[in-house]
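Novice: One structure, as structure tokens, below. Some questions next.
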Amino acid sequence: MHPSLLYLPGAPLSLPELTAARMDGLLIEVGEGYMPPDLPEGPAARMASLAPILAPGYAASGPTAAWVHGVGDAAPRCHHLQRVSERRTRVRPVRDVVLHERRLDPGDLEVISGIPVTTRVRTLSDLVLGAGDDPESELWMRRLAAASPELVDEVRGIVQERRRMPGKRAALARIAELASYEDVTR
């Protein structure tokens, strides 16, 4: 997506000006930014809208990655970023952003608009494992599984292969529930 089609608060319009344009129907809200309503809201637009919260050396993950991949209409309430760089970097705290320090493998990443994001399979795996602790992760897990039911069996295999994993039994139960829901909806 061309940067001139995405408006972030403060450059060149302030948040009140962007909000007024949204209320007039001239712009729609996309993540942390705004864009014209006649443009498709694809992964590139969603990723570019996250520029104000992205930290160097981190990738979009969890609910944020699911939203970037096209699941859901609105961005998650709380964004998740996970470290991709070798060393931990100092990051300024941002409200409603969770930083995960466990480093991602390069095979778990793809690049959208020049910014790393976890793959759909890694995203669903993370959501399945985190759903017990976070109701928002559970919601995004169900949305991603409904949008891409072919991922459920692949995630089941990944979880079953791991020998020592906290919450493995609960994750497998959630996967079985997702698979049974998929069978009912067919």
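Novice: Over the chain, with a Gaussian network built from C-alpha contacts below 10 Å, which listed residue (ARG103, ARG77, ARG162) shows the highest mean-square fluctuation?
Specialist: Per the Cα network of the chain with a 10 Å cutoff, ARG162 tops the list.
Novice: Please get the size of the charge dipole for the chain, origin at its Cα centre, with Cβ charges of +1 on Lys and Arg and -1 on Asp and Glu, quoted in debye to the nearest 20. Don't skip to the answer; put the middle values down first.
Specialist: Details: 23 positive and 25 negative charges, 186 e Å.
Dipole about the Cα centre, nearest 20: 900 debye.
Novice: Then there is this: Treating only the Cβ of Lys, Arg, Asp and Glu as charged (+1, +1, -1, -1), what charge dipole size does the stretch 10-51 show about its Cα centre? Round to the nearest 20 debye.
Specialist: Numbers: 2 positive and 6 negative charges, 19 e Å.
Its charge dipole is roughly 100 debye.
Novice: Now, a different point. Within the chain, what percent of beta bridges assigned by DSSP are antiparallel, to the nearest 5?
Specialist: Values: 13 of 18 bridges.
Bridges in the chain are about 70 percent antiparallel.
Novice: Also: Compare the Cα positions of LEU144, VAL117, VAL94 along the charge dipole of the stretch 92-150 (+1 at Cβ of Lys, Arg; -1 at Cβ of Asp, Glu; about the Cα centre) and return the one farthest towards the positive end.
Specialist: Highest projection toward the positive end goes to VAL94.
Novice: Counting Lys and Arg as +1 and Asp and Glu as -1, what is the net charge of the other residues whose Cβ lies under 11 Å from the Cβ of LEU27? If you can, show how the numbers build up before the last one.
Specialist: Working: positive: ARG22; negative: GLU17, ASP24, GLU29, ASP38.
That works out to -3.
Novice: On to the next question. Work out the FRET efficiency for ALA146 and LEU13 from their Cβ-Cβ distance, taking R0 = 25 Å, and round it to the nearest 0.05.
Specialist: Working: r = 36 Å, r/R0 = 1.44.
Efficiency computed from Cβ-Cβ geometry: 0.10.
Novice: Multiplying the sequence separation of GLU86 and HIS2 by 0.36 nm and subtracting their Cα-Cα distance, what value in nm do you get?
Specialist: On the way: separation 84, 0.36 × 84 = 30.24 nm, distance 3.03 nm.
My answer for the length gained is 27.2 nm.
Novice: Quick one: grab the alpha carbon gyration tensor of the stretch 23-164, order the square roots of its eigenvalues as a ≥ b ≥ c, and give me rounded if a/c is under 1.5, else prolate or oblate depending on whether a/b is larger than b/c. Can you show the working numbers first?
Specialist: On the way: a/c = 1.86, a/b = 1.31, b/c = 1.42.
Taking the square roots of the gyration eigenvalues as a ≥ b ≥ c, the stretch 23-164 is oblate.
Novice: Label-point separation (nm) for GLU161 and ASP105, each offset 7 Å from Cα along Cα-to-Cβ?
Specialist: In this crude label model, GLU161 to ASP105 measures out at 0.7 nm.
We did not get these values from a lab; they are worked out from the coordinates using the rules stated. As the structure is a computational prediction, the values presented were derived from the model and not from experiment. A quick note on method: Cβ atoms are made from the backbone with ideal geometry, for glycine too, and the neighbour counts reach across all protein chains shown.
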